[in-house]
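See below for the structure under consideration.
The values are calculated or read from the model by the stated rules, or taken from the named source; none is laboratory data. Here the structure is a predicted model, which means the values were calculated and not measured. Every residue, glycine among them, receives a Cβ derived from its backbone with ideal geometry; neighbour counts consider all protein chains shown.
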Amino acid sequence: MGKRINYRKIAFGAYGPLCAHCGFGIPSVLEVAHIDCNRENNDPKNLIVLCPNCHKMHDLDLISTETILQMRDRPKIVKWSKRMKDAGKKAALTRKHSAAGRKAAATRKRNRDSNANESFLPIEVHG
Ligand SMILES: [Zn+2]
């Protein structure tokens, strides 16, 4: 038995924890594929970081090996952290809007309730 080599560590070290094809970047979800299908060949050139989706598509030949190798070796254009920052900003804006909406709704409800109270007839007292 060959000794167990942490090829995930090798691939993440060489290419970063990003799917070579789509840029997905959660390390615990990412997979590492052996391009020649030989699990003993842990040369970084034989390894590629892929998300489960792209890995499956590659296995089914929906993504060619040439394509993922080109994408692996091309400088990364997508700045994932920047995209996430923008997404966070947008989400915060949405939260702000909905918070304002809830406040307005609460005010309307309060006004409606107080108007309703004013229109109440005096309570009948049974003696
Ligand atoms: Zn992917």
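One line per residue, one yes/no per condition, for (1) modelled with pLDDT of 95 or more; (2) among the basic types (Lys, Arg):
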residue: ILE5; (1), (2): no, no
residue: CYS22; (1), (2): no, no
residue: ARG39; (1), (2): no, yes
residue: ASP43; (1), (2): yes, no
residue: LEU50; (1), (2): yes, no
residue: GLY101; (1), (2): no, no
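Can you list residue pairs whose Cβ atoms sit under 6 Å apart, with the first residue in the range 15-39 being assigned to a strand (DSSP E or B) and the second being more than 13 Å from the ligand (Cβ to nearest atom)? Count only pairs 6 or more apart in sequence or on different chains.
VAL32/TYR7; VAL32/ARG8; VAL32/ALA11; VAL32/LEU47; HIS34/ASN46
Any idea which residue in the range 31-64 is farthest from the ligand (Cβ to nearest atom), counting only those that are closer than 19 Å to PRO75 by Cβ and among the hydrophobic types (A, V, I, L, M, F, W, C)?
The residue in question is LEU47.
Does any residue of the range 109-121 turn out to be at pLDDT below 75, over 29 Å from the mean Cα position of the chain (by Cα), loosely packed, with under 10 Cβ neighbours inside 10 Å and among the aliphatic types (A, V, I, L, M)?
The answer is yes, given that some residue of the range 109-121 is at pLDDT below 75, over 29 Å from the mean Cα position of the chain (by Cα), loosely packed, with under 10 Cβ neighbours inside 10 Å and among the aliphatic types (A, V, I, L, M).
Only residues that are modelled with pLDDT of 75 or more and surrounded by 10 or more Cβ atoms within 10 Å (Cβ to Cβ): list them for the range 63-90, please.
Residues satisfying the conditions are ILE63, SER64, THR65, THR67, ILE68, LEU69, GLN70, MET71, ARG72, ASP73.
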